[in-house]
Amino acid sequence: MHKKILFFCSEGLLYIVALFIICIITTAFTFLYSNPILIGFNILLWLLFLEFCYFFRDPDRNIPQEPGAIIAPADGKIISINKMKETEFLKSESIKVSIFMNVFNVHVNRAPISGRIEYYHYNPGKFISAFKDKASLDNEQVSIGIHCEEDGKKVLLKLIAGLIARRIVLWKRVGDELRKGERISIIKFGSRVELYLPLNVELKVNKGDWVRAGETIIGMIIK
């Protein structure tokens, strides 16, 4: 279950607290011994602590309420958009939008549409760089199929681990109802998210665009 503590996702709290304690201890030793190497190491630890705080931040977002809007499931850069046959859930020709998240992006993922989770599949795999297209096939990943009964639209969301990201934490299960923009997962330390859309979607983004989870409109359903 997702929890937000202060400004942070609860999944990162242990990392933040543990590193803060280590930083305090090394700072004390630095004041005692004033060793140049120790001073440099201490500075690096504090920088790492700040990066952890930044990485696990969990900001609120203004969710677009336009009917038919499909929103970004992740923060990051769109590295590819192409058409392909999706065989897991949509089982038809689809539009695949791939988003790469670096270590400076928010890593909390959100539901692109409102609906029910009707499909889940976990695929263990490798941990090659999430920026490479090969990661879509070979890396550890979780697939989530969402169906909106109100208008019949379906989307497939793939959460893909990367070279550094080696843990996908999903807070939802099959049968759960989702609200558009609701927090559904986190992938730790850099990763990739792919969104598979039906062909009757008018895209509002292009390759190279930067998007924000829960705010950027990826596309609109064409009636």
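Charges on Cβ only, +1 for Lys and Arg, -1 for Asp and Glu, centred on the Cα centroid of the chain; of THR87, ILE187, THR216, which one is farthest towards the dipole's positive end? The listed residue farthest towards the positive side: THR87. Sorting the segments 52-58, 197-203, 142-148 by their mean number of nearby beta carbons within 10 angstrom, highest to lowest, gives 142-148, 52-58, 197-203.
By the gyration tensor of its Cα atoms, with a ≥ b ≥ c the square roots of the eigenvalues, what is the shape of segment 11-105: rounded for a/c under 1.5, prolate for a/b over b/c, or oblate?
Values: a/c = 4.01, a/b = 2.88, b/c = 1.39.
Because a/c hits 1.5 or more and a/b exceeds b/c, segment 11-105 counts as prolate.
Potential lengthening of the chain between MET220 and ILE25 amounts to 65.0 nm, from the contour at 0.36 nm per residue minus the alpha-carbon distance. What's the angle, to the nearest 10 degrees (0 to 90), between helix 36-55's Cα axis and the longest principal axis of the chain? So the helix axis and the longest Cα principal axis differ by about 30 degrees. In this structure, the pairs whose alpha-carbon distance is over 26 Å, taken from LYS77/LYS223; LYS172/LYS204; LYS83/LYS172; LYS158/LYS207, are LYS77/LYS223; LYS172/LYS204; LYS83/LYS172. Fully extending the segment from PHE104 to TRP46 would add 19.3 nm, taking 0.36 nm per residue of separation and subtracting the current Cα-Cα distance.
Rounded to the nearest 20 debye, the dipole size of the chain about its Cα centre is 240 debye, using +1 on the Cβ of Lys and Arg and -1 on the Cβ of Asp and Glu. Take each peptide in 14-23, 30-39, count the other Cβ atoms within 10 Å of every residue, and average; sorted highest first, the result is 14-23, 30-39.
Ranked highest first by the average count of other Cβ atoms within 10 Å around their residues, in what order do 40-47, 100-107 fall? Working shown, then result.
On the way: 40-47: 14.4, 100-107: 20.4.
So the order, starting with the most tightly packed, is 100-107, 40-47.
For mean projected area of the Cα convex hull in nm², the value computed from the atomic coordinates appears in the list [x] 20.7; [y] 13.0; [z] 13.7 under label [y].
Between 0 and 90 degrees, the angle of helix 13-33 with respect to the longest Cα principal axis of the chain falls at about 20 degrees.
For ASP176 and LEU13, compute 0.36 nm times the residue count separating them, minus their Cα-Cα distance, and round to one decimal in nm.
Here the answer is 56.1 nm.
Summary of the geometry: segment 161-223 and segment 33-88, compared by the centres of their Cα atoms, lie 13 Å apart.
Readers should treat all values here as calculations from the given coordinates under stated rules, not as data from a laboratory. Computed from a prediction, not measured in an experiment: that's the story for all the values here. Every residue, glycine among them, receives a Cβ derived from its backbone with ideal geometry; neighbour counts consider all protein chains shown.
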